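Participant: Before we start, here is the structure in question, set down as C-alpha cells.
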Amino acid sequence: MRLLARLLSFPARLVAVVGIGGACLALLVVALVPAGSPLGGTVRLNPHAPPIRLRPLSLPSHVYDSQGHLMAVLEDSDYRKPVKLSQVPHDVVRAVLDVEDRNFYRTGAVNLSSILRAFKADVTSTSGLQGGSTIAQQLVKEAVLTPRRTLGRKIRGALLAIRLEHQMSKNQILQRYLNTIYFGNGAYGIQAASYTYFNEPVWKINAAQAALLAGMIENPSLYDPITEPQNARFRRNLALEEMVRNHDLTPAQAAQAERQPLPKTVHVSTGYSPQTTYMEEVIHDLLNDRRLGRTAAARYNAVFRGGLSIYTTLNPTMQAEAETAVKDTLPDTNGKFTSALVAIDPKNGEVRALVPGNGNPNAPGYDVVTGLGAGDGRQPGSSFKLFTLMAAIEKGYSVKDLIDGSGPCYFANPTGSPPVYRANNAEPGNGIMTIIKATYDSVNCAYLRLGLDVGLPSVVHMAKIMGNITLPYPNAPSLIIGGEDVHPINMAAAYATMADGGIYHRPRLIAKVVGPHGKVLIAPPGPGKRVVPKKDVEIATSVLEDVLTEGTAAGKGIPGHPAAGKTGTTDNYYNAWFDGYTPQLATVVWMGDPNAEISMQYPATPITVFGGTYPASIWQAFMTQAMADLPSVGFPPPPPGSIKKGKYLPPPSIDISGRYGHPVPKSLPKPKPKPPPTTTTAPTTTTAPTTTTTTTTTMPTTTTTRPPPTTTTTSSTTTTTSSTTTTTAPTTTTTVCKKHCRH
C-alpha cells in the first residue's frame with residue numbers, strides 16, 4: 001500500500017516540482033542568457049540593486065594591557081585565523097580549485113549544467129539536491145543564506161552569486177571563501193585548518209596536506225583524518241588525481257604524496273583566554289556596553305567574533321607588585337582569610353591593579369572588589385568616615401571644632417530597629433576633642449555625633465557623588481561609621497576623588513576598543529566631574545595625612561611620598577580595611593573571609609586584625625613599590641585662613657547618652673594637657689573593643705525604649721582624674737546593632 005501511495009503521488013510531485021522548479025529555472029536562464037545570445041555572454045543586472053552584504057567574518061578579539069602586551073584572545077568555540085590570498089601557496093589554491101571549482105577563473109558565478117543536473121535529481125529521487133555549486137555559490141550559502149537545502153534556496157543562491165561576482169573580484173571571492181569554509185574540529189578557514197591538523201601555517205604545508213584539506217571541504221566529519229582515516233586517505237588521493245588531471249601535479253609527485261601519513265592528532269588553538277578574575281571583569285563590562293550592540297546577542301558576537309582590539313587599563317608591573325604585596329604580607333590562615341586590592345589612577349579612573357580576594361578556586365570570576373559573583377559587598381568600618389568629614393567641611397564646620405567623643409554612646413534610632421542604637425569606641429575617645437583628633441584616632445562616638453549633627457542625608461549624598469555609592473538604609477545611624485555594605489572599587493573611586501582634588505572619574509578596566517577596520521568603538525571618556533570643592537579636599541587631606549603619622553595607621557606611610565588615608569575595622573573584626581592615596585595613585589585594601597563573616601582574632605589569625613595591621617601593611621608594601629619610580633608630589637595645602645577657629649558642637653538631639661551615665665558638659669572646658677599614664681585608668685584595647693572610661697553600665701534587655709528612674713551615683717569627672725559611674729537600670733532598653741563598626 002505504501003509503495004502504491006508513493007507511485008500515485010509521484011505524478012503530483014512531478015507536476016509540482018516541474019512547475020515551480022521550471023519557473024525558477026526559466027528565470028535563472030533569462031538572467032544567465034541575454035536575449036539573442038547563446039548560452040553565454042554578459043549578464044546585465046539592475047544597477048540600482050543594493051550590494052550583497054556578507055555576514056561579517058568571525059574573528060577572535062585580542063585583549064591588551066596598558067603597555068600593549070597581549071593578555072588574552074577571546075573567541076567562541078570556533079577557531080579562525082584569516083589570511084590574505086597572497087599568503088596561501090599555489091599548491092593549496094590549486095588543490096581547492098581542482099576539487100571544488102576547476103573552472104573558477106574561466107567561467108561565471110553559476111554552472112548551468114550543474115543546476116540542470118540538480119533539478120533532474122530532485123525530480124527523480126528522494127535523496128535531496130545534489131552538489132555542483134561553484135565557489136561563488138558556496139560563499140553565498142555560507143555568508144548570506146541559511147543552510148536549509150531547497151530548490152528555491154538554490155535558485156536564489158545562484159542569482160546572488162551572479163550579483164556577487166559583479167560586486168567582488170575573483171580573487172576577493174576566493175580569499176573570502178578560503179577564510180570562511182569549515183574544515184572540521186572547530187577550524188574555520190584554511191589557516192585555522194592548517195594549524196589544527198598540521199600545527200603549521202598554511203604557507204608551510206605540502207601538496208599532500210593541501211589535497212587532504214581540499215578533500216575535506218565536501219564533508220569534514222566523513223573525511224576527518226583522525227576519526228575516519230580510511231575515508232580521509234581515499235578522498236585525499238582522489239584530490240591528488242584531480243590535481244594530476246588538471247596538470248597541477250605530475251604523476252610522480254602525486255604518487256609520492258599518496259605515501260605520506262595522515263595526521264593523528266588535532267592541535268589546540270594557538271589563541272588563549274586565561275580564566276582570570278580580571279578578564280572576567282573585562283568581559284562582563286564589554287557584554288554590558290551598548291556601544292558594542294543594542295542586544296545581548298549582538299554584543300556577544302562583537303566580543304567573541306568581531307575581531308576587536310581591546311585595550312585595558314591594567315598595568316602589568318603594578319599588578320605583579322599588588323599580588324606580591326598580598327602574598328608576602330597576608331598571614332597564613334590556610335586560605336581562610338584573604339585580601340582584595342584595587343589601585344586606581346586618580347587622573348582618569350583607570351584601574352591599574354586588581355587582586356580579587358577570591359579564596360575559592362572553584363569560583364572563577366568571584367571578585368570582592370566589584371561584587372561580581374560575590375553579593376552586596378562588605379562593611380567598610382571607619383574608612384567610611386571620609387564622607388562625614390567631607391559633608392561637615394562642605395557645610396562650614398571647622399576641623400578644629402570640638403565634639404564629645406565619650407563612649408559608649410546611645411542614640412534614638414529613627415529606623416526603630418533596634419529602638420536604641422549603641423556604639424563603642426575602639427580607640428581612646430573619652431572627653432572633648434577636635435574633629436582632627438577624632439579622625440586620626442577614629443573615635444566612633446565623636447563621629448556619630450558629628451554625622452548626626454551634619455545630617456544623614458548629607459553623608460549619604462557625599463558617598464553618592466564621590467564614589468557612586470548607594471546605601472540601602474540611608475536612615476541608619478550606623479552608616480556613619482561604616483555599617484552598610486560597599487564594594488572596594490567604589491571606595492577606591494571616592495578616595496581617588498580626593499587624590500584628584502575633588503574630581504570624580506568612573507572607575508574602568510577598559511581604556512578603548514577598536515573594531516577590525518580601525519574604527520574606535522569605545523573611546524576614553526572625557527574629563528571627570530567636579531563633585532566637591534578643591535578647598536574642601538585640601539582641608540580634609542591635611543587631616544587624613546595625620547592618620548599615617550600619629551593615628552591608627554602610624555608608621556604605614558610611603559617613604560619619600562606624602563600620603564593620606566583612613567583605616568576601617570568592623571564589629572567583631574569581620575572586615576578590616578585601609579583606604580589611602582597619593583596625588584598619583586589611590587589604593588584600597590580589604591581583608592576578611594570572602595565567603596562569610598568570621599572574626600579575625602587569635603587563634604584564627606596570629607593577632608587581632610584591625611585596619612591598621614595587615615591591610616595597612618599590604619597597602620604600604622604595594623604603594624612603596626608602585627610609587628618607587630614616580631616623583632614625590634605633595635598635596636596642596638589648605639588655603640590660608642580656610643581652617644577656621646573651632647567651636648564646641650553640642651550633641652544632636654537624638655543623643656540619649658546622658659541618661660546612661662555620660663552627661664553632656666554644659667560648658668566648654670579649657671583644653672588641658674594629656675594626663676600622665678599613671679593617673680588614668682583605662683582598659684586595654686588590643687584584644688577586644690572597649691571604651692577608655694571606667695564607667696560601668698548594666699544595660700537592659702527588654703524592648704522598653706526609655707529606662708525607668710534609677711538611682712545613680714556620679715562622681716566628678718575631669719580629664720586628669722579617673723571616675724567611676726555605676727548605673728543600675730532594669731534589664732530593658734538596647735540591643736547592640738549588628739551593623740556597628742569600628743575604626
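Participant: Among the aspartates and glutamates, which have Cα under 17 Å from the Cα of K534 when same-chain residues fewer than 8 positions away are ignored?
Facilitator: Once the sequence-local aspartates and glutamates are set aside, what remains near K534 is E394, D500, E545.
Participant: Another question, if that's okay. Between H90 and D78, what is 0.36 nm times their sequence separation minus the Cα-Cα distance? Round to one decimal in nm.
Facilitator: Taking 0.36 nm per residue and subtracting the Cα distance, the gain is 1.7 nm.
Participant: Label-point separation (nm) for E258 and A554, each offset 7 Å from Cα along Cα-to-Cβ?
Facilitator: Spacing of the two 7 Å Cα→Cβ label points: 9.2 nm.
Participant: How many percent of the accessible area of segment 489-534 is carbon or sulfur, using a 1.4 Å probe?
Facilitator: Carbon and sulfur: 61 percent of the exposed surface of segment 489-534.
Participant: Then there's this: Based on the mean of other beta carbon atoms within 10 Å per residue, what is the order of 346-357, 572-583, 92-103, most packed first?
Facilitator: Ranked by mean Cβ neighbours within 10 Å, highest first: 572-583, 346-357, 92-103.
Participant: Which distance in Å, rounded to a whole number, links the C-alpha centroids of segment 529-572 and segment 63-78?
Facilitator: Each part reduced to its Cα centre gives a spacing of 37 Å.
Participant: Please give the length that would be gained between T295 and T107 if that part of the chain were fully extended, namely 0.36 nm times their separation in residues minus their C-alpha to C-alpha distance (nm, one decimal).
Facilitator: Computed gain between T295 and T107 is 63.5 nm.
Participant: Using every Cα-Cα pair within segment 334-459, state what percent have a distance larger than 18 Å.
Facilitator: Summing the P(r) tail past 18 Å for segment 334-459 gives 65 percent.
Participant: Right, something else. Output the peptides 596-606, 436-446 sorted from most to least packed, where packing is the average of other Cβ atoms within 10 Å over each peptide's residues.
Facilitator: Highest mean packing first, the order is 436-446, 596-606.
Participant: As a test question: what accessible area, to the nearest 10 Å², does T180 have when a 1.4 Å probe is rolled over all protein chains in place?
Facilitator: Rounded to the nearest 10, that gives 20 Å².
Participant: Further question on the same structure: Which distance in Å, rounded to a whole number, links the C-alpha centroids of segment 217-295 and segment 606-643?
Facilitator: 55
Participant: Based on a Kirkwood Rh over C-alpha pairs, give the Stokes-Einstein translational diffusion coefficient of segment 449-561 at 20 °C and viscosity 1.002 mPa s in µm²/s.
Facilitator: My calculation gives 130 µm²/s for D.
Participant: Tabulate in residue order the Karplus-calculated ³J(HN,Hα) for segment 215-226, using 6.51 cos²θ - 1.76 cosθ + 1.60 with θ = phi - 60°, rounded to whole Hz; enter x for Gly and Pro.
Facilitator: Each residue's phi maps through the Karplus curve to give x, 6, 4, 4, 7, x, 6, 5, 10, 5, x, 7 Hz.
Participant: Given all pairs of different Cα atoms, what value in angstroms does the Kirkwood hydrodynamic radius of segment 584-641 take?
Facilitator: Final number for the Kirkwood radius of segment 584-641 is 14.3 Å.
Participant: Turning to a different aspect of this structure: Just to verify a number: FRET efficiency for K529 and K395, C-beta to C-beta distance, R0 = 22 Å, to 0.05?
Facilitator: Step by step, r from the Cβ atoms, then E = 0.60.
Participant: For segment 145-231, place one equal point scatterer on every Cα, skip the solvent, and apply the Debye formula. What is log10 of I(q)/I(0) at q = 0.26 Å⁻¹?
Facilitator: For segment 145-231, the Cα-only Debye profile gives -1.24.
Participant: Something else: Per residue, what accessible area does segment 505-562 have, given a 1.4 Å probe and all protein chains present, in Å²?
Facilitator: 47
Participant: Using the reciprocal of the averaged 1/r over all distinct C-alpha pairs, how large is the Kirkwood radius of segment 188-308 in Å?
Facilitator: 17.0
Participant: Here's a follow-up. With 18 Å as the cut-off, how large is the P(r) tail for segment 394-515, expressed as percent of Cα-Cα pairs?
Facilitator: Beyond 18 Å sits 59 percent of the P(r) for segment 394-515.
Participant: Continuing with this model, one more query. Mind ranking 610-618, 255-263, 528-536 by how tightly packed they are, going by the mean number of other C-beta atoms within 10 angstrom, highest first?
Facilitator: Top to bottom by mean Cβ count within 10 Å: 610-618, 528-536, 255-263.
The values are calculated or read from the model by the stated rules, or taken from the named source; none is laboratory data. Because the structure is predicted, anything quoted here is derived from the model rather than measured. With ideal geometry, Cβ positions are generated from the backbone for all residues, glycine too; neighbour counts draw on all protein chains shown. Keep in mind that these areas ignore ligands, DNA and RNA; they rest on the heavy atoms of the full protein, side chains included. Shrake-Rupley method; radii C 1.70, N 1.55, O 1.52, S 1.80 Å.
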